[in-house]
Amino acid sequence: MRKTFDLILYGATGFVGQQAIAYLASRADSSTRWAIAGRSLAKMEAARDTEAKRHPSVQDIPIIVADAQDESALAELASSARVVLSCAGPYALYGSKLVAACVAKQTHYCDITGETPWIRQMIDAHHEQALGDGTRIVPGCGFDSVPSDLGTYLLMREMKNRFGEDCTTIKAAFTLGGGGLNGGTLASVMNMIESKQSKALNNPFLLNPAGTVPKDVAAHRDPLGAHHDADFKAWLGLFVMGPVNTRVVRRSLALRGQTASYQEYLRFGRSLAAGAVAASFGVGSKISMGMLAFSPVRKMAQRMIPQPGEGPSPASMARGFFKAELIGHSAQGHKLRAVIGDSLDAGNGATVKMMCESALAMAENESKLPKAAGVITPSVAFGDALEKRLLSAGMRVEVSE
Ligand SMILES: NC(=O)c1ccc[n+]([C@@H]2O[C@H](COP(=O)([O-])OP(=O)(O)OC[C@H]3O[C@@H](n4cnc5c(N)ncnc54)[C@H](OP(=O)(O)O)[C@@H]3O)[C@@H](O)[C@H]2O)c1
């Protein structure tokens, strides 16, 4: 039976969700039937009216009201759509019933969560059924973890195409600027700390399918210190998103039956001073995270940080950019380099682009997607189709020797 909508944007009133209305208005095909959804009719009407001033066609976009805890409203929402894109987070608080409804109604789903313990719960609860039904449930379609996941996929693909070999090690170094953290992102981090999930967060293979965890787990632990890397010719140190992205990439590799090791870092400069900054940044980040485990410190921090619904200023986002550079080596000595980047800030402009292009890949290019289903990762779900869509949306996506 034909569903009413190709795509529903859920959580359309949030800081990211409102930007997604604008993005879909300019990038969705005119034949794509899309709607916005959330818990508050008044807020959604206001968001739609604001965007309609720039894109008049948005005025006709239907609105669906469904609270994240209202199972019957979510069931109706999921039945009416081929694809749901959710920006309602923290996902551990607002995501589980929506995913369950999408699985039950065989509706493809994607989001921008970086909450790996929650992704693990979704895998355990829904992977088998979604796999059997052919439903794609794809968390992590924003800055976490598309650049890491797509970059790794491209290196593995090109190493095979050019040399008939596999990469045995892949490492990524990130550079980013401008933008800043959204209140919604900080709420998600605080919720993970509050719900005492640090043990799960520290498991390097948290998202791997059973039977795919290597024996030498300790060799894959998150890097703490700084080191000078000969391939990148720069000092590399702790990247706070690494403990999220590496888990997603390792799930992708395992789902494809590949065994490369993967690690990622923040790139500092070339000088000795940069090395000192890299080392102190790592220690500082660890101390800050450790202190947030204490409730009084957390309560004080929560009063000082952006609140849900808030985010960086337009000026700060306009200065934003990111570049993920990945280097893969084969056992036979070949080396390839991939770059994924954008002149938009990582947490908003680029995230909105990556998540909307992921959702549109399912809504508009379903026949060109890999045959994949279950609770899966962006590269497993979208493969080459996502590369093509991001290129056509102006992102830098390249592989070279
Ligand atoms: N992957 C990435 O790189 C990346 C980047 C940015 C953000 N994120 C994640 O994306 C999520 C959203 O971020 P944000 O900055 O847009 O957050 P936000 O501004 O706080 O938006 C949260 C959204 O969730 C909705 N919501 C809250 N409670 C709900 C309920 N009971 N039922 C239905 N909807 C409900 C809110 O609706 P109301 O407006 O009605 O309150 C709002 O639309 C966060 O989890 C964040 O961590 C990821």
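The values are calculated or read from the model by the stated rules, or taken from the named source; none is laboratory data. Since the structure is predicted, the reported quantities are computational estimates derived from the model, not experimental observations. Neighbour counts run over all protein chains shown; Cβ positions are idealised from the backbone, glycine included.
Just a few scattered comments:
- Filtered residue count, the stretch 316-342, keeping only those that are within 18 Å of L390 (Cβ to Cβ) and surrounded by fewer than 20 Cβ atoms within 10 Å (Cβ to Cβ): 4
- Taking every residue in the stretch 60-83 that is under 18 Å from C110 (Cα atoms) and pairing it with any residue that is part of a helix (DSSP H, G or I) and not aliphatic (A, V, I, L, M), at least 6 positions away or on another chain, the pairs with Cβ-Cβ distances below 6 Å are A68/Y94; L74/K97; A78/C102.
- Residue match in the stretch 289-301 (condition: buried (at least 20 other Cβ atoms within 10 Å of the Cβ) and closer than 28 Å to G183 by Cβ): no
- Flag set for V58, criterion: surrounded by 19 or more Cβ atoms within 10 Å (Cβ to Cβ), part of a helix (DSSP H, G or I), more than 11 Å from the ligand (Cβ to nearest atom) and not assigned by TED's automatic domain parsing to the domain that holds F321.
- From the list L41, L93, L77, the lone residue that is within 19 Å of T185 (Cβ to Cβ) and hydrophobic (A, V, I, L, M, F, W, C) is L93.
- Hey, A210 outside the structural domain of V16 (by TED's automatic domain parsing), in contact (Cβ under 8 Å) with a residue 40 or more places away in the chain and not polar (S, T, N, Q) or not: no
- Single residue of the stretch 148-190 satisfying the filter (more than 29 Å from S316 (Cβ to Cβ) and among the aromatic types (F, W, Y)) that is surrounded by the most Cβ atoms within 10 Å (Cβ to Cβ): Y153
- Hits in the stretch 81-93 - residues which are closer than 15 Å to I64 by Cα and within 16 Å of the ligand (Cβ to nearest atom): A81, V84, L85, S86, C87, A88
- From the list S148, S195, S188, the lone residue that is at pLDDT 95 or above and not acidic (D, E) is S148.
- Single residue of the stretch 169-221 satisfying the filter (within 16 Å of the ligand (Cβ to nearest atom) and assigned to a loop (DSSP other than H, G, I, E, B)) that is nearest to V297 (Cα to Cα): S195
- Hits in the stretch 162-200 (condition: farther than 21 Å from V16 by Cβ and in contact with a Pro (Cβ under 6 Å, 6 or more places away or on another chain)): Q197, A200
- Per-region count, the stretch 103-143, residues farther than 30 Å from T175 by Cβ, part of a helix (DSSP H, G or I) and of a type in the set (F, W, Y): 0
- The residues on offer are A73, A100, A78, and the sole one that is within 11 Å of the ligand (Cβ to nearest atom) and assigned to a helix (DSSP H, G or I) is A73.
- Only listed residue being of a type outside the set (D, E) and within 21 Å of the chain's Cα centre (by Cα), chosen from R267, R303, R298: R267
- In the stretch 14-48, the residues that are away from the ligand (no atom under 15 Å from the Cβ), without any contact (Cβ under 8 Å) to a residue 40 or more places away in the chain and either among the aliphatic types (A, V, I, L, M) or assigned to a helix (DSSP H, G or I) (or both): A25, S26
- Neighbours by Cβ (under 7 Å, 6+ apart or cross-chain): first from the stretch 377-398, in contact (Cβ under 8 Å) with a residue 60 or more places away in the chain; second surrounded by fewer than 16 Cβ atoms within 10 Å (Cβ to Cβ) and in a helix (DSSP H, G or I): V397/L391
- In the stretch 10-38, the residue that is surrounded by the fewest Cβ atoms within 10 Å (Cβ to Cβ) out of those that are more than 26 Å from S188 (Cα to Cα) and of a type outside the set (G, A, S) is D29.
- Residue in the stretch 1-13 that is nearest to the ligand (Cβ to nearest atom), counting only those that are touching a helix residue (DSSP H, G or I) at 6+ places or on another chain (Cβ under 8 Å), of a type in the set (A, V, I, L, M, F, W, C) and in a strand (DSSP E or B): L9
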